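Below is one structure, written out as structure tokens, with a few remarks after it.
The values are calculated or read from the model by the stated rules, or taken from the named source; none is laboratory data. As the structure is a computational prediction, the values presented were derived from the model and not from experiment. Every residue, glycine among them, receives a Cβ derived from its backbone with ideal geometry; neighbour counts consider all protein chains shown. The accessibility values were calculated without ligands, DNA or RNA, using every heavy atom of the protein model including side chains. Shrake-Rupley method; radii C 1.70, N 1.55, O 1.52, S 1.80 Å.
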Amino acid sequence: MSRIELKIEVYPAAILRKRCLPVEEVGENEINLLKNMAETMYRNRGIGLAAPQVGVNKQIIIADIGRGLIELINPQVFSPKGKDKMEEGCLSLPGISVVVKRPKEVIVSGLNRRGKRVEMRLRGLMARVIQHEVDHLRGTLIIDYVNFIKRFSLVRRMKRG
Ligand code: NI
């Protein structure tokens, strides 16, 4: 089956604010979605993507910071360690970036495309990207990390392009 580039949902699309549902069973639909999400992320030069960003209300994320593709279904982040600040962008918020404070190190667990449980300790950029994508599954965006005034000016900047 060929890979399809999906349409990226851009703020303020309602789906970006929804809580995503866990995947009960990893099947053909999820595998096709993972493939199409990867196609979409690479074509848009992103380093991470969450299913709601392509209009699908499921707990599925992918990431690739240049060391290979990571796919996670029903991801859970735990055991945070340390703190780190870094500027983040988002394909659903084109043209803006926000400095976000997050744990430096986390453990992430979830299912792979074969439905097998995987767990990884992540640090640095990879830990950051995964936390950003897991945020998407709860309807959280980078603009939620700044105060109301700053958020207002960022959103205005985005709309002007
Ligand atoms: Ni994002």
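Answer yes or no as to whether ILE70 is among the aliphatic types (A, V, I, L, M) and out of contact with any strand residue (DSSP E or B) (no Cβ under 9 Å at 6 or more places or on another chain). Against the criterion (among the aliphatic types (A, V, I, L, M) and out of contact with any strand residue (DSSP E or B) (no Cβ under 9 Å at 6 or more places or on another chain)), ILE70 does not qualify.
Checked against (1) open to solvent by 30 Å² or more (accessible area, probe 1.4 Å); (2) outside any loop (DSSP other than H, G, I, E, B); (3) within 13 Å of the ligand (Cβ to nearest atom); (4) among the aliphatic types (A, V, I, L, M), VAL99 passes all but condition (3). Scanning region 132-148 for residues that are open to solvent by less than 20 Å² (accessible area, probe 1.4 Å), outside any loop (DSSP other than H, G, I, E, B) and of a type outside the set (A, V, I, L, M, F, W, C) yields a count of 4. From the list LEU33, LEU49, the one residue that fits, being out of contact with any helix residue (DSSP H, G or I) (no Cβ under 6 Å at 6 or more places or on another chain) and aliphatic (A, V, I, L, M), is LEU33. Examine region 105-113 for a residue that is assigned to a helix (DSSP H, G or I) and in contact with a Lys or Arg (Cβ under 8 Å, 6 or more places away or on another chain), and state whether such a residue exists. Within region 105-113 (the criterion being assigned to a helix (DSSP H, G or I) and in contact with a Lys or Arg (Cβ under 8 Å, 6 or more places away or on another chain)), the answer is no, since none of the residues qualifies.
Selection over region 125-161 of residues that are under 16 Å from the mean Cα position of the chain (by Cα) and not polar (S, T, N, Q) gives a count of 19. For ILE130, indicate whether it is touching a helix residue (DSSP H, G or I) at 6+ places or on another chain (Cβ under 8 Å) and either within 12 Å of the ligand (Cβ to nearest atom) or within 20 Å of ILE65 (Cβ to Cβ) (or both). Criteria not met by ILE130. Out of ARG121, ARG128, ARG151, ARG113, one residue alone is within 29 Å of GLU5 (Cα to Cα) and open to solvent by 60 Å² or more (accessible area, probe 1.4 Å). It is ARG113. Find the residue count for region 9-38, including only residues that are crowded, with 17+ Cβ neighbours inside 10 Å, in contact (Cβ under 8 Å) with a residue 60 or more places away in the chain and more than 26 Å from MET158 (Cα to Cα). Counting residues in region 9-38 that are crowded, with 17+ Cβ neighbours inside 10 Å, in contact (Cβ under 8 Å) with a residue 60 or more places away in the chain and more than 26 Å from MET158 (Cα to Cα) gives 4.
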